Each structure stands twice: as C-alpha cells, then as structure tokens.
Amino acid sequence: MTLTPHDRARRPLRSVLVALLGALVPLLAATFLAAPTASAAPAMPAAKAEAAVRTEAAVRTEAAVRTEAAPLAALTEITGFGQNPSNLQMYLYVPESVTANPAIVVAVHYCTGSGPAMYNGTEYASLADTYGFIVVYPSVTRSSKCFDVASPQALTRGGGSDPVGIKSMVDWTVRTYDADTDRVFATGISSGAMMTNVLLGDYPDVFAAGAAFAGVPFACFATTNGSEWNSDCANGTISRTPQAWGDLVRGAYPGYTGPRPRMQLWHGTEDDVLRYPNFGEEIKQWTNVHGVSQTPAATDSPQSGWTRTRYGGTGERAPVEAISLQGTGHNVYAWGMGERVLTFFGLNGSGPAPQPPAGPCKVAVTTNAWNTGLTASVTITNTGTTAVNGWKLGFTLPAGQAVTGGWGATYSPASGAVTATNVTYNAAIAPGASVSVGYQANHTGNSAAPTAYTLNGTACTTA
C-alpha cells in the first residue's frame, strides 16, 4: 500500500521503561496476511530512555507511584504495560495539546508493518495534535508481523494472544492519563482491520467504535490447527447468514448484554488479497450484532467512485457505516481518510456525539407513593424496527416532585424537565426489547407520574 508521507516533521522515537506489574506468558499462534504494498517508513532515531516519577493522590488505599510515560509530541515505546501473552510492543503518542480525560485511538498496523510505520504512514498523530486524543500503536514482534486474528485464544475475550495485550495497552493508558473509558476506539488496515473486528467482538465493553480498512468479519479467519492463513476467507468464499455471523461475535463474550461498538467498514471492489465479498459479509455481521436492518437507511457518494451506505441510522454516527471504493484494490487506505474516521468516532467535533433519533417507542410507568415520597418504575420499549444504541428519556415531573435517587439511569436535573440517560449495561434496546429503570422522589402532595415521554427526542406512546 502506498502511504502518503507525513505532512509534518518526523518526531523522534523515544523509548521509556515504565515499571508496572505484568506477567509475560509464551507466545501464541500468529496469523499471516500478505502485506499491503507500502512505501518504507523512514528510519526512526535511536531509542532514548526518559521518565519521571510522581506520586498519586493518597486517596487510594494503596500508596501508588506512577511514571509519567511519554514525553509530549513524540512517539514513545512503553514497556511493562501489563498482561502481554504474545509479546507485542506498545508505542504511544501523546500530543502537546492532550485534553483532560482524553479519548484513545488504537491504530493497528498491516502485515509486515509496525507501530512506528503506522505512526509515520497515517495522519492519526497529526490529528491528535488538533483534537487532543492519545494514539496507541500496537506492534507485532512475530516474524510475519501479522496480528493473530485466527486462533481460538484470539477469538475469545481474555483468551490470550494479541487482543489481551492490546487491551492491556488501553488499560494502562486509561490509568496513566485518566482517559475517558467511553471514548476508546480502534482502527486498522488489512491485518489491522481484521484485528479491529476482533477487538470489537472480544471487548464490546471497552471499544465505543471501530473503523476497518480492507478487513474480514470477526472469526472469518478462524483456524484450529495453528495455521496463519485461511484461504477460503481471504478469497471471499465463506458466506454465512447474518445470524450466524452475529452469533460468532456474541460467542466471544457469552452473556454480555450491553451496547455494541459502532463499526465503519472500508473496502475496494478490486481487492485481490482479502476479496470484496468479505465486505458484504462484514455488513451482514455488524448489522446483525446491532439488530438493525441490512437495508441501508441512507446511501450517498461522498467522493467520486465511493458508495457509502448507513444502517440503523442516517447520520454521521450510524450503528454501521460502509464505504465501497469502485476500482480500488487492497491498498484502500489513503491520506485524508483519518479525518473521516474521526467524524464517525465523534472526535473532530465539539462536545459529545449526539444520540441518534429513536424510532417508535412505548413507556409504561408504575408509581408507589407514601406521605411525602414515591418510587416510579419505568419500562421503555423499542417498538420500532431498528436498534436504539444509547438513549435519553425525557419527561417533566409534576410540580412539587424532586428526584432523590434512581436506578438503571442517571437523572438530571432533579425536578422540572428531567432527562434520564442510559448507563453502560442498558444502552442498547433491540427492536421489540425493553429496559426497566426507575427513580425515587419527594413530593408535596402530587404523586402522579409524568404524562408524556420522549426517547432521544421522539415522542413515545404511554401505557
């Protein structure tokens, strides 16, 4: 893959040892994927150790000493970041303008690549300079320089191999920089795109969204004999029903019922390494995972030769977005696409990403009142045909009522026009499904329930 040169001066590569607890276990089986044709990344300067230690606030039960991991505006190798069964390397980029509680973007390289090559060949570091997020660049040390997306260990949450090491990198970055756990994202190219699919399947509670450039569905490359290559998948001859593809993702973390990461997919119609049918199979998989229709909610052409389809929503942060590039081969990634990835992630605008409008909904409420107090049990039902991924329930309390506590949601303000916002475990409401929440309130005589509700701005019927 021909990668556009960095449009700013290269920053020095520095190496720093961070003393944290972590155990290394034997290297597990790897996958092989022919690398995209890429211009060689410029040689990086010799490593230079640089670290400073500062003491954390004593509010923690244990006395904690934390190492300032990375000089600003420099690519830094971090070691000792935690459990790392396949001996990955971790490279980190922290911009000078890093924000408080920053977002994290994990940028995963292609076969024959490396973390430094991904740093040099994509614009995520310069975008981090603009928007203040942190970039993590995992780097494979096995000879193929490909990520393990095939072994049973890799395709199971906490099973071992590369996904565990990458999650350790995320956890370390969250701890060290007090990063926002609701804004952790993954993107990758080729083998890195395949790993993006795997990370979102294994760790749906860690990643908010992903962007995969020329990849394959989760578990499409699965093998049980240690092979690094799955020709059937690479050639696009594996076809499954949406339900079967979705079950593979759900099987990576059995029992998980929380929200699923949104997915952006990119593929060239002339891809001769991971052939184009894989694009359609990915769409099947992630629309099923999100419980949305395979019929696009919106179709457009943001650039000549591109066809963009959105599923489960029409806005920039739909549950699934897919971009097909007519006449493009495996080298699908081009300079400038990173900005479009950030738009999908919601990182290049101001404030948090708005919730997409909900479809038809129904609310049923039961109150139990006493002298000056009450409890209200509220059931929200998605009566539409597409999933709700993140919700805000709006209602107005009668005069004299004030919320004193609640469950299943956060409530603000305490009186008047109140908004109940989902918590992590109940953000997704599939078509026909319901979630139950509730609150406790004081009252001065009127203990009635609200008479009207909206879900993400859409009026709901009441039962």
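FYI, it's all coordinate maths here, none of it is from the lab. In this text the structure is predicted, and so the values were computed from the model without any measurement. As a convention, Cβ positions derive from the backbone with ideal geometry for all residues, glycine included, and neighbour counts pool all protein chains shown.
Numbers for the structure displayed
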{"quantity": "Contact order relative to length of segment 282-354, as percent, for alpha carbon pairs under 8 angstrom and 6 or more apart", "calculated": "21"}
{"quantity": "Three-way shape label, segment 185-232, alpha-carbon gyration tensor, a/c 1.5", "calculated": "oblate"}
{"quantity": "Dipole of segment 136-282, positive end: most advanced residue of Ser191, Thr223, Thr257 [Cβ charges, Cα centre]", "calculated": "Thr257"}
{"quantity": "Net charge dipole size for segment 288-444 [Lys, Arg +1 and Asp, Glu -1 on Cβ; Debye, nearest 20]", "calculated": "120"}
{"quantity": "Ordering of 101-111, 280-290, 378-388 by packing [mean C-beta count within 10 Å, highest first]", "calculated": "101-111, 280-290, 378-388"}
{"quantity": "Where labels lie 7 Å past Cα in the beta-carbon direction, separation of Asp232 and Thr257 in nm", "calculated": "3.4"}
{"quantity": "Segment 361-462: relative contact order in percent, alpha carbon pairs under 8 Å with at least 6 residues between", "calculated": "39"}
